[in-house]
Amino acid sequence: MNVCIAGAAGDGIRGAGVILGKIFGELGYSVFVYQEYQSRIRGGHNASVVRASEKEINSHGYYYDALICLRDYVFEKHAERLRGVLICDSSFGLEHEAKVEFPINETVERLNLPDISKNIAAISVFCKSFGIEAEVVKSVVRESLGKSAEEQNIEVVRAVYENLDISVGQIRRVGEGKELVSGAEAIAEGMLDAGLKFYYAYPMTPATPILHVLAADSRCVALQPESEIAAIMMAIGSAFGGERAAVGTSGGGFALMSESISLAGMAEIPVLIILAQRSGPSTGMATFTAQQDLYFALNPAHGEFPLIVASPLTIEDSYRLSGELLNLAWEFQTPAVLLTEKHITESHTTAKLGGVVKREVEIFRERSREVFRRYEITESGVSPYASPPALVKANSNEHDEYGFTTDDAEIAAEMYAKRMRKGEEIAKAVANLEPYVEMRNGKDWIVTWGSNFGAVKEVAEEMGYSVAAVRFMRPLFLPKISGEVFCVECNYSGLLSKFLEAEGVKLKRILRWDGRPFTPEEIRREVERWTE
Amino acid sequence: MDRISWCPGCGNFAILRAFEKASQRVMEEGYDIAVSSGIGCHGKISDYLNLPSFHVTHGRVPPFLTGLKLANPKLIVVGFSGDGDGLNEGAEHLVHAARRNTDITIILHNNGVFGLTTGQVTATSPKGRKSKSTPYGNPEYPINACQLMLASGATFVARVFAREQKKMAEVFYRAMKHRGFSFVEVLQPCVSFNNFWDLRKEVFWVEKAESVYEAMRMCEDIRACGVFYAEEKETYEDAVWKSTF
């Protein structure tokens, strides 16, 4: 079942999508919630697409089984996708063969409630007409809204359930209740489980929700400094102090961090950067998803140094990878980038998070007379770590084993090579971490990366294609594939496609760069178009 | 370690010696110190001090120290910055660190010139000054570092002349012991590109002001030295701990 809730900014569309997602989750469904909104606070057009299935899903659908309109003018935008019931206010006078109308606005006004309660009223209309028990709706509303809004909104649910007597379907409980989590929450949780103590971020869509989640969590300190440069420099400061730190941003902010990423590479300071992609270049479309920054993430800064880049396939995977990358950053004392998308950070899904553990790293913290040999030349390239008050010297300049500045040719060459050797060790470690996912369904393939995976997997299973989805981008491990190959990406030139082509794979690109994520229907259409 | 690579007669030697003296005193009281420096001649001080250090990138000392101080609140953290490093590229960070009253000390080596890149003008160079990048004279007006810091909310603001090593050591000590954002501007002659050792005849000392406004007036004259202003205010770290846990 695929339900769209549409209205204006300020109508609580996002919240309504989350609540409806939780209701489906409570009834035991696997849920995915996609949020499409504009970069504005009031007016315009926002939509939340909630998909629920008995099978495990990681994408929303193109066609709607129900469309809930909180404004009359948004109907036109969605009418083409509606294959089921329209739910709206009785006064809208919209034309559609199957519809459930209810005096939503009047009810909210009569109860003397703020306009925002209309979203709860509209969800209640949906739930009642699809046979969901009032108690399920009430318990989710209670749990989701703050104490102050709770009673009022319960009142709305009651009013709708008492006065609406239409049945257009029956949504039954299919299993035990499931928790709904956002990508931002999953990423935050993964980092916390891996020992995150400090998170620094300048607000930038679509990474901002991670800051919000962590700021409200007492397991770590989350702060908002003056710029992205300050954010990553603070993270480097905390890591030098021996505590795990991370930053989060989108393309523009990542650009500002470039210099400091190079510093972390040179001084061998672990830092995790969450890069949540949105549509660019420049300010682009701030609230729309994209996969345009792959090459930027792989080559973010001057000089050569080991860098770890991985991109999660689902919200659940973003939990695992954010934790894994924080651990790897500390084990190899180098920066790591979680390359993700708006379609992960700002979407919701039913998932059970767990399994990430902090892998401890030894840190020398004793006072000493001798300068600590922080950059000892080792076979693996990894040297012992130390934090003040230990007499430890770190440096943005090329340095000797003790951290003192040098331009000696021999020492410089050795130190550079030592750092680079860590890259080989990282590759060995990553090889065991499922660098790409493979699912065999047939001789032909659909390849992808990032959040497209959910939609691709469904289509591939239906149509009998094998799936390969790349998770680790640096070090890069490409699947060995043959036969007919499609590559699905949210960018113009096919950034992953080019890597595969360099390996001799002939492929057909399925691309979009309009800021919208793929649905299974759209991918199927493209595959069929190519194979006609 | 290489021997010290500053030019003979450089004002940085005096800063190094005075800081060694002041840090010794602080450590004898049982504190641990960590330092950081930016890019420029001043930045080399990290290598020359027998203390934990991180020689970071241009202008980025204040946020680095903020992160370090948060991770280990027991440390006394001190940053060295230059006029180019702190007031050109890194001005934003200085202003915000002062505004937050982060418990760090910044020592700004002000020689009025980009020394290590051979003498271009900085944010503190006088208008009209000729350099390789301003052959027809500097078209920009200089900034007064102490005034900027006072206006930004720094809770300890001082200026010293590199010639007066004893007084400088005393001010460094007080700055480190001050809880909150401390800023010390050191007038540091650059023998190669901006030699103003002669300023010693003109430097004069003033007593601490009672208000920020009075302090602003006091430090207007670049030859005025002393602790212009000091007040106790909740630090950033204290506020963060209080609100997070």
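Please treat every number below as a calculation from the coordinates, not as lab data. Just so it is clear, the structure is predicted and the values come from calculations on it, not from any experiment. Cβ: placed from backbone, ideal geometry, glycine included. Neighbour counts: every protein chain shown.
Could you line up A:Ser311, B:Ser152, B:Ser125, A:Ser218 from fewest to most neighbouring Cβ atoms inside 10 Å?
A:Ser218, B:Ser152, B:Ser125, A:Ser311
Considering only DSSP beta bridges where both residues belong to region A:181-350, give the percentage that are antiparallel (nearest 5).
10
Within 10 Å of each residue's Cβ, count the other Cβ atoms and sort A:Met191, A:Met233 from fewest upward.
Final ranking by Cβ density, sparse to dense: A:Met191, A:Met233.
Cα convex hull of region A:436-531: mean projected area in nm², to one decimal?
If you wrap the Cα atoms of region A:436-531 in a convex hull and average its projections, you get 5.5 nm².
How large are Rg and Dmax for region B:102-245 when calculated on the C-alpha trace, in angstrom?
16.6, 57
Which FRET efficiency value, to the nearest 0.05, is calculated for A:Glu414 and B:Glu210 with the Förster distance at 45 angstrom and r the Cβ-Cβ distance?
0.20
What's the magnitude of the charge dipole for region A:363-431 around its Cα centre, counting Lys and Arg as +1 and Asp and Glu as -1 at the beta-carbon? Answer in Debye, nearest 20.
Computed charge dipole of region A:363-431: roughly 440 debye.
For region A:363-431, what class follows from the C-alpha gyration tensor (a ≥ b ≥ c being the square roots of its eigenvalues): rounded when a/c is under 1.5, otherwise prolate if a/b is larger than b/c, else oblate?
oblate
Under the rule a/c < 1.5 gives rounded, and otherwise a/b versus b/c splits prolate from oblate, where does region A:181-350 land using the Cα gyration tensor?
Rounded shape, in that the Cα axes give a/c under 1.5.
Have a look at the DSSP beta bridges in the protein assembly as shown and tell me what percent are antiparallel, nearest 5.
30
Evaluate the Debye formula for region A:2-163 with equal point scatterers sitting on the alpha carbons, no solvent, and hand back log10 of I(q)/I(0) at q = 0.13 Å⁻¹, in q order, two decimals.
Debye curve over Cα of region A:2-163, log10 I(q)/I(0) at q = 0.13 Å⁻¹: -0.54.
Give the residue from A:Leu476, A:Gly442, A:Leu495 lying farthest towards the positive end of the charge dipole for region A:436-531; charges sit on Cβ (+1 for Lys and Arg, -1 for Asp and Glu) and the dipole is referred to the Cα centre.
A:Leu476
Please report, in whole Å, how far the alpha carbons of chain B spread along each principal axis, starting with the longest.
57, 45, 30
Give a residue-ordered list of calculated ³J(HN,Hα) values for region A:513-519 (Karplus: 6.51 cos²θ - 1.76 cosθ + 1.60, θ = phi - 60°; whole Hz; x for Gly, Pro).
Those phi angles translate into 9, 9, x, 9, x, 6, 9 Hz.
Need the list of aspartates and glutamates near B:Lys21 for cross-linking: C-alpha distance under 14 angstrom, and skip anything on the same chain fewer than eight residues off.
Those aspartates and glutamates meeting the cut-off are B:Glu29, B:Glu164, B:Glu170.
Name the residue from B:Pro142, B:Phe183, B:Val157 whose Cα lies farthest towards the positive end of the charge dipole of region B:128-245, charges +1 on Cβ of Lys and Arg and -1 on Cβ of Asp and Glu.
Most positive-ward Cα: B:Pro142.
Restricting attention to chain A, give the cysteines that have no other cysteine Cβ less than 4.7 angstrom from their Cβ.
A:Cys4, A:Cys127, A:Cys220, A:Cys487, A:Cys490
For region B:76-115, what does the relative contact order come out to in percent, with C-alpha contacts under 8 Å and a separation of six or more?
Computed over region B:76-115, the figure is 65 percent.
Return a whole-number percent for the relative contact order of chain A, with Cα pairs under 8 Å and 6 or more residues apart as the contact set.
12
Modelled label-to-label distance, A:His212 and A:Gln170, 7 Å Cα→beta-carbon offset: nm?
3.9
Per residue of A:394-400, count partner chain C-beta atoms within 10 Å of its C-beta, then hand back the mean as an integer.
Counting other chains' Cβ atoms within 10 Å and averaging over A:394-400 gives 5.
What number, rounded to the nearest 500 deg cm²/dmol, is the helix-based mean residue ellipticity at 222 nm of the protein assembly as shown, given -39500 (n - 2.57) per DSSP H run of at least four residues and division by all its residues?
My calculation for the protein assembly as shown gives -10500 deg cm²/dmol from helical runs alone.
From the P(r) of chain A, could you give the percentage of C-alpha pairs in the tail past 29 Å?
54
I need the semi-axes of the equivalent ellipsoid of region A:111-205: take the C-alpha gyration tensor, multiply each eigenvalue by 5, square-root it, list largest first in whole angstrom.
33, 19, 11
Just need the relative contact order of region A:436-531 here, percent rounded to a whole number, with Cα pairs under 8 Å and 6+ apart.
Reported as a whole number, the value is 29 percent.
Tell me which of A:Gly354, B:Phe193, A:Ala246 sits at the most positive position along the dipole axis of the protein assembly as shown, charges placed on C-beta atoms (Lys, Arg +1; Asp, Glu -1).
Working it through, the farthest residue towards the positive pole turns out to be B:Phe193.
Ranking A:Val447, A:Val157 by Cβ neighbours within 10 Å, fewest first, what do you get?
Ascending Cβ contact count within 10 Å gives the list A:Val157, A:Val447.
What is the average number of partner chain Cβ atoms found within 10 Å of a Cβ in B:95-101?
Averaged over the peptide's residues, the number is 2.
For peptide A:192-202, how many partner chain Cβ atoms fall within 10 Å of a residue's Cβ, on average?
Whole-number average of other-chain Cβ neighbours for A:192-202 is 1.
If you restrict to DSSP beta bridges whose two residues both lie in chain B, what percentage is antiparallel, to the nearest 5?
Once the DSSP bridges in chain B are tallied, antiparallel ones form about 20 percent.
Students often check this: by mean Cβ neighbours within 10 Å, which of B:103-111, B:178-186 ranks highest, and how do the rest follow?
B:103-111, B:178-186
To the nearest 20 debye, what charge dipole does the protein assembly as shown have about its Cα centre, counting +1 at the Cβ of each Lys and Arg and -1 at the Cβ of each Asp and Glu?
Using Cβ point charges on Lys, Arg, Asp and Glu, the protein assembly as shown gives about 1440 debye.
Exceeding 32 Å between C-alpha atoms, which entries from my cross-link table qualify? They are B:Lys130/B:Lys208; A:Lys342/B:Lys74; A:Lys55/A:Lys480; A:Lys99/A:Lys138; A:Lys422/A:Lys480; A:Lys418/B:Lys166.
Pairs exceeding the cut-off: B:Lys130/B:Lys208; A:Lys342/B:Lys74; A:Lys418/B:Lys166.
Along region A:191-202, what does the Karplus equation 6.51 cos²θ - 1.76 cosθ + 1.60 (θ = phi - 60°) give for ³J(HN,Hα), rounded to whole Hz, x for Gly and Pro?
With coefficients 6.51, -1.76 and 1.60, one gets 5, 4, 5, 8, x, 4, 10, 9, 10, 10, 7, 8 Hz.
Please list, ordered by chain and number, the residues whose modelled amide H lies under 5 Å from the amide H of B:Glu185; skip anything fewer than 5 residues away on the same chain.
The list, which skips near neighbours in sequence, is B:Leu108, B:Ala158, B:Arg159, B:Val160.
Once the piece of chain linking A:Glu80 and A:Leu298 is laid out straight, how much longer is it, given 0.36 nm per residue of separation minus the C-alpha distance between them?
Full-extension gain reported as 74.5 nm.
For A:Ala394, list long-range residues whose amide hydrogen, built 1.01 Å from N in the peptide plane, is under 5 Å from its own amide hydrogen.
Long-range HN contacts for A:Ala394: B:Ser53, B:Phe54, B:His55.
Can you tell me the FRET efficiency between A:Lys443 and A:Glu398 if r is taken as the Cβ-Cβ distance and R0 is 56 Å, rounded to the nearest 0.05?
Between A:Lys443 and A:Glu398 the formula returns 0.60.
Under 5 Å between amide hydrogens, which residues at least 5 positions from A:Lys99 or on another chain qualify, with H placed 1.01 Å from N in the peptide plane?
Amide H neighbours of A:Lys99, under 5 Å, 5+ apart: A:Leu86.
What spacing in nm lies between the two simple spin-label points modelled at B:Lys130 and A:Asn112, each 7 Å away from Cα in the Cβ direction?
So the two model labels end up 8.1 nm from each other.
Run the quick spin-label model on A:Ala431 and B:Leu199: label points 7 Å from Cα toward the beta carbon, then report their separation in nm to one decimal.
Once both label points are built, they end up 6.0 nm from each other.
What does the charge dipole of region A:394-532 about its Cα centre add up to, to the nearest 20 debye, if the Cβ of each Lys and Arg holds +1 and the Cβ of each Asp and Glu holds -1?
My answer is approximately 520 debye.
Can you run phi through the Karplus equation (6.51, -1.76, 1.60; θ = phi - 60°) for region A:96-111 and list ³J(HN,Hα) in whole Hz, with x for Gly and Pro?
6, 5, 9, 8, 10, 10, 8, x, 4, 4, 4, 4, 5, 5, 4, 7
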